[in-house]
Amino acid sequence: MTSSEATDREVRLKRIRRVSAFMKWVVTVVLAIILVLGVVLTIGIALPNDLLIAADETLDVADVERRLGDVPHIQRIGLAILTAIAFALLTAAGWKIRQVFNGFQKMEFFSPTTLSNVISFGVWLIAFAVFDLISDPIGSVMLTYDYPPGERAVDLTLDGGEIFFLILGALMLLFGWILREAALIADENRQFI
(Lines give C-alpha, C1' and ligand atoms only; values in the text may rest on other atoms or scores of the structure.)
Protein backbone atom coordinates (compact mmCIF):
# COMPACT_ATOMS: atom_id res chain seq x y z
CA MET A 1 0.00 0.00 0.00
CA THR A 2 1.44 3.34 -1.02
CA SER A 3 1.51 6.31 1.33
CA SER A 4 -1.17 8.01 -0.80
CA GLU A 5 -3.46 4.99 -0.44
CA ALA A 6 -2.75 4.87 3.30
CA THR A 7 -3.57 8.57 3.62
CA ASP A 8 -6.79 8.14 1.65
CA ARG A 9 -7.75 5.19 3.82
CA GLU A 10 -7.06 7.12 7.02
CA VAL A 11 -9.25 10.00 5.74
CA ARG A 12 -12.09 7.55 5.01
CA LEU A 13 -11.75 5.89 8.42
CA LYS A 14 -11.79 9.27 10.20
CA ARG A 15 -14.93 10.20 8.27
CA ILE A 16 -16.57 6.92 9.30
CA ARG A 17 -15.66 7.51 12.96
CA ARG A 18 -16.85 11.13 12.87
CA VAL A 19 -20.19 10.42 11.16
CA SER A 20 -20.81 7.35 13.35
CA ALA A 21 -20.16 9.36 16.53
CA PHE A 22 -22.47 12.13 15.32
CA MET A 23 -25.22 9.68 14.38
CA LYS A 24 -24.86 7.83 17.68
CA TRP A 25 -25.70 11.05 19.53
CA VAL A 26 -28.48 11.99 17.10
CA VAL A 27 -30.08 8.60 17.71
CA THR A 28 -29.58 9.07 21.47
CA VAL A 29 -31.52 12.35 21.36
CA VAL A 30 -34.23 10.75 19.19
CA LEU A 31 -34.47 7.85 21.66
CA ALA A 32 -34.94 10.29 24.55
CA ILE A 33 -37.72 12.03 22.61
CA ILE A 34 -39.36 8.68 21.78
CA LEU A 35 -39.25 7.64 25.44
CA VAL A 36 -40.75 10.92 26.68
CA LEU A 37 -43.47 10.89 24.00
CA GLY A 38 -44.22 7.24 24.69
CA VAL A 39 -44.65 7.82 28.43
CA VAL A 40 -46.72 11.00 27.92
CA LEU A 41 -49.02 9.38 25.35
CA THR A 42 -49.40 6.13 27.28
CA ILE A 43 -50.30 7.91 30.52
CA GLY A 44 -52.35 10.53 28.69
CA ILE A 45 -54.49 7.92 26.94
CA ALA A 46 -54.96 5.83 30.09
CA LEU A 47 -55.64 8.80 32.36
CA PRO A 48 -56.69 11.83 30.31
CA ASN A 49 -56.40 15.15 32.13
CA ASP A 50 -55.58 18.72 31.23
CA LEU A 51 -51.90 18.24 32.10
CA LEU A 52 -50.95 15.61 29.51
CA ILE A 53 -53.86 14.96 27.13
CA ALA A 54 -57.26 16.57 27.63
CA ALA A 55 -60.34 14.34 27.73
CA ASP A 56 -61.90 16.34 24.88
CA GLU A 57 -59.05 15.45 22.50
CA THR A 58 -59.91 13.15 19.63
CA LEU A 59 -58.27 9.75 19.49
CA ASP A 60 -57.74 8.28 16.02
CA VAL A 61 -57.12 4.58 15.48
CA ALA A 62 -56.95 3.60 11.83
CA ASP A 63 -59.96 5.45 10.36
CA VAL A 64 -61.98 5.44 13.59
CA GLU A 65 -62.19 8.69 15.57
CA ARG A 66 -63.57 9.19 19.03
CA ARG A 67 -63.35 11.75 21.80
CA LEU A 68 -60.98 10.35 24.44
CA GLY A 69 -63.25 11.26 27.35
CA ASP A 70 -66.08 9.20 25.83
CA VAL A 71 -64.03 5.99 25.81
CA PRO A 72 -64.53 3.82 28.93
CA HIS A 73 -61.51 3.54 31.22
CA ILE A 74 -60.81 -0.16 30.60
CA GLN A 75 -60.75 0.43 26.83
CA ARG A 76 -58.38 3.40 27.30
CA ILE A 77 -56.08 1.11 29.31
CA GLY A 78 -56.02 -1.35 26.39
CA LEU A 79 -55.29 1.47 23.92
CA ALA A 80 -52.55 2.76 26.23
CA ILE A 81 -50.99 -0.71 26.29
CA LEU A 82 -51.00 -0.80 22.47
CA THR A 83 -49.33 2.62 22.46
CA ALA A 84 -46.71 1.51 24.98
CA ILE A 85 -45.89 -1.61 22.94
CA ALA A 86 -45.45 0.45 19.76
CA PHE A 87 -43.10 2.87 21.52
CA ALA A 88 -41.19 -0.02 23.16
CA LEU A 89 -40.60 -1.64 19.76
CA LEU A 90 -39.39 1.68 18.32
CA THR A 91 -37.14 2.20 21.32
CA ALA A 92 -35.62 -1.28 20.95
CA ALA A 93 -34.94 -0.67 17.25
CA GLY A 94 -33.45 2.73 18.03
CA TRP A 95 -31.21 1.28 20.72
CA LYS A 96 -29.89 -1.37 18.32
CA ILE A 97 -29.06 1.18 15.60
CA ARG A 98 -27.34 3.32 18.26
CA GLN A 99 -25.23 0.27 19.15
CA VAL A 100 -24.41 -0.22 15.45
CA PHE A 101 -23.15 3.37 15.20
CA ASN A 102 -21.19 2.85 18.40
CA GLY A 103 -19.50 -0.22 16.90
CA PHE A 104 -18.72 1.65 13.68
CA GLN A 105 -17.26 4.53 15.69
CA LYS A 106 -14.91 2.03 17.36
CA MET A 107 -14.04 0.63 13.90
CA GLU A 108 -15.58 -2.73 14.83
CA PHE A 109 -17.13 -3.33 11.41
CA PHE A 110 -17.07 -7.12 11.55
CA SER A 111 -17.21 -7.78 15.29
CA PRO A 112 -19.83 -10.32 16.35
CA THR A 113 -21.49 -7.66 18.54
CA THR A 114 -21.83 -5.13 15.71
CA LEU A 115 -23.13 -7.75 13.29
CA SER A 116 -25.58 -9.02 15.89
CA ASN A 117 -26.82 -5.45 16.42
CA VAL A 118 -27.36 -4.96 12.67
CA ILE A 119 -29.40 -8.17 12.54
CA SER A 120 -31.32 -7.25 15.71
CA PHE A 121 -32.12 -3.81 14.27
CA GLY A 122 -33.69 -5.50 11.25
CA VAL A 123 -35.68 -7.88 13.45
CA TRP A 124 -37.00 -5.02 15.62
CA LEU A 125 -38.04 -3.04 12.53
CA ILE A 126 -39.90 -6.06 11.14
CA ALA A 127 -41.56 -6.61 14.53
CA PHE A 128 -42.66 -2.96 14.60
CA ALA A 129 -44.07 -3.20 11.06
CA VAL A 130 -46.05 -6.34 11.87
CA PHE A 131 -47.29 -4.86 15.15
CA ASP A 132 -48.27 -1.62 13.40
CA LEU A 133 -50.26 -3.64 10.89
CA ILE A 134 -52.16 -5.69 13.49
CA SER A 135 -52.59 -2.90 16.04
CA ASP A 136 -55.04 -0.97 13.80
CA PRO A 137 -57.78 -3.64 13.82
CA ILE A 138 -57.17 -4.41 17.50
CA GLY A 139 -57.20 -0.71 18.40
CA SER A 140 -60.34 0.02 16.39
CA VAL A 141 -62.15 -2.82 18.19
CA MET A 142 -60.93 -1.49 21.55
CA LEU A 143 -62.01 2.03 20.66
CA THR A 144 -65.57 0.98 19.75
CA TYR A 145 -66.07 -2.05 22.01
CA ASP A 146 -68.67 -0.30 24.18
CA TYR A 147 -70.85 0.48 21.13
CA PRO A 148 -73.89 -1.73 20.56
CA PRO A 149 -73.37 -4.78 18.32
CA GLY A 150 -73.40 -3.75 14.70
CA GLU A 151 -71.81 -0.36 15.42
CA ARG A 152 -68.44 -1.70 16.52
CA ALA A 153 -65.65 -1.21 14.04
CA VAL A 154 -62.81 -3.39 12.84
CA ASP A 155 -60.63 -1.26 10.63
CA LEU A 156 -57.52 -2.44 8.84
CA THR A 157 -55.33 0.14 7.17
CA LEU A 158 -52.14 -0.32 5.23
CA ASP A 159 -50.07 2.74 4.58
CA GLY A 160 -46.53 3.43 3.53
CA GLY A 161 -45.19 3.25 7.09
CA GLU A 162 -45.72 -0.47 7.53
CA ILE A 163 -44.33 -1.21 4.10
CA PHE A 164 -41.30 1.04 4.67
CA PHE A 165 -40.43 -0.52 8.04
CA LEU A 166 -40.96 -4.04 6.68
CA ILE A 167 -38.67 -3.45 3.69
CA LEU A 168 -36.02 -1.58 5.72
CA GLY A 169 -36.10 -4.27 8.40
CA ALA A 170 -35.68 -7.03 5.83
CA LEU A 171 -32.85 -5.08 4.19
CA MET A 172 -31.01 -4.63 7.50
CA LEU A 173 -31.53 -8.30 8.38
CA LEU A 174 -30.11 -9.36 5.02
CA PHE A 175 -27.29 -6.80 5.31
CA GLY A 176 -26.36 -8.23 8.73
CA TRP A 177 -26.33 -11.78 7.40
CA ILE A 178 -24.16 -10.75 4.41
CA LEU A 179 -21.71 -8.90 6.66
CA ARG A 180 -21.51 -11.95 8.92
CA GLU A 181 -20.64 -14.14 5.91
CA ALA A 182 -18.06 -11.58 4.75
CA ALA A 183 -16.47 -11.62 8.21
CA LEU A 184 -16.27 -15.43 8.13
CA ILE A 185 -14.66 -15.37 4.67
CA ALA A 186 -12.15 -12.73 5.77
CA ASP A 187 -11.30 -14.81 8.85
CA GLU A 188 -10.81 -17.94 6.73
CA ASN A 189 -8.53 -16.03 4.34
CA ARG A 190 -6.39 -14.78 7.25
CA GLN A 191 -5.96 -18.35 8.49
CA PHE A 192 -4.61 -19.51 5.12
CA ILE A 193 -1.92 -16.84 5.02
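The values are calculated or read from the model by the stated rules, or taken from the named source; none is laboratory data. Remember, predicted model here, so these are calculated numbers, not experimental data. Here the Cβ is made from the backbone with ideal geometry for all residues, glycine too, and neighbour counts use every protein chain on show.
Looking only at the stretch 132-161, count how many residues are acidic (Asp, Glu) and either out of contact with any strand residue (DSSP E or B) (no Cβ under 9 Å at 6 or more places or on another chain) or free of Cβ contacts under 8 Å to residues at least 60 places away in the same chain (or both). Give the derivation first.
Residues of the stretch 132-161 that are acidic (Asp, Glu), as a first pass: 132, 136, 146, 151, 155, 159.
Checking which are either out of contact with any strand residue (DSSP E or B) (no Cβ under 9 Å at 6 or more places or on another chain) or free of Cβ contacts under 8 Å to residues at least 60 places away in the same chain (or both) leaves us with 132, 146, 151, 159.
Matching residues across the stretch 132-161 total 4.
Which one of the conditions (1) assigned to a loop (DSSP other than H, G, I, E, B); (2) of a type outside the set (Ser, Thr, Tyr); (3) surrounded by 13 or more Cβ atoms within 10 Å (Cβ to Cβ); (4) within 20 Å of the chain's Cα centre (by Cα) does residue 146 fail to meet, given that it meets all the rest?
Here residue 146 clears every test but (4).
Return yes when residue 44 is under 27 Å from residue 100 (Cα atoms), out of contact with any strand residue (DSSP E or B) (no Cβ under 8 Å at 6 or more places or on another chain) and not β-branched (Val, Ile, Thr) and no when it is not.
Here the answer is no, as residue 44 does not meet what is asked.
Run down 113, 91 and say which single residue is under 13 Å from the mean Cα position of the chain (by Cα), of a type in the set (Ser, Thr, Tyr) and in a helix (DSSP H, G or I).
Working: 113 fails: under 13 Å from the mean Cα position of the chain (by Cα).
Answer to the check: 91.
Among the candidates 62, 86, 80, single out the residue that is closer than 19 Å to residue 138 by Cβ, surrounded by 15 or more Cβ atoms within 10 Å (Cβ to Cβ), touching a Phe, Trp or Tyr at 6+ places or on another chain (Cβ under 7 Å) and not hydroxyl-bearing (Ser, Thr, Tyr). It would help to see each step written out before you state the result.
Working: 62 fails: touching a Phe, Trp or Tyr at 6+ places or on another chain (Cβ under 7 Å); 80 fails: touching a Phe, Trp or Tyr at 6+ places or on another chain (Cβ under 7 Å).
That would be 86, the only listed residue that is closer than 19 Å to residue 138 by Cβ, surrounded by 15 or more Cβ atoms within 10 Å (Cβ to Cβ), touching a Phe, Trp or Tyr at 6+ places or on another chain (Cβ under 7 Å) and not hydroxyl-bearing (Ser, Thr, Tyr).
Out of the residues in the stretch 1-29 meeting the condition of being among the basic types (Lys, Arg) and surrounded by 11 or more Cβ atoms within 10 Å (Cβ to Cβ), tell me which one is modelled with the lowest pLDDT.
Going residue by residue through the stretch 1-29, those that are among the basic types (Lys, Arg) are 9, 12, 14-15, 17-18, 24.
From what's left, surrounded by 11 or more Cβ atoms within 10 Å (Cβ to Cβ): 9, 17-18, 24.
Values: 9: 91, 17: 97, 18: 97, 24: 98.
Result: 9.
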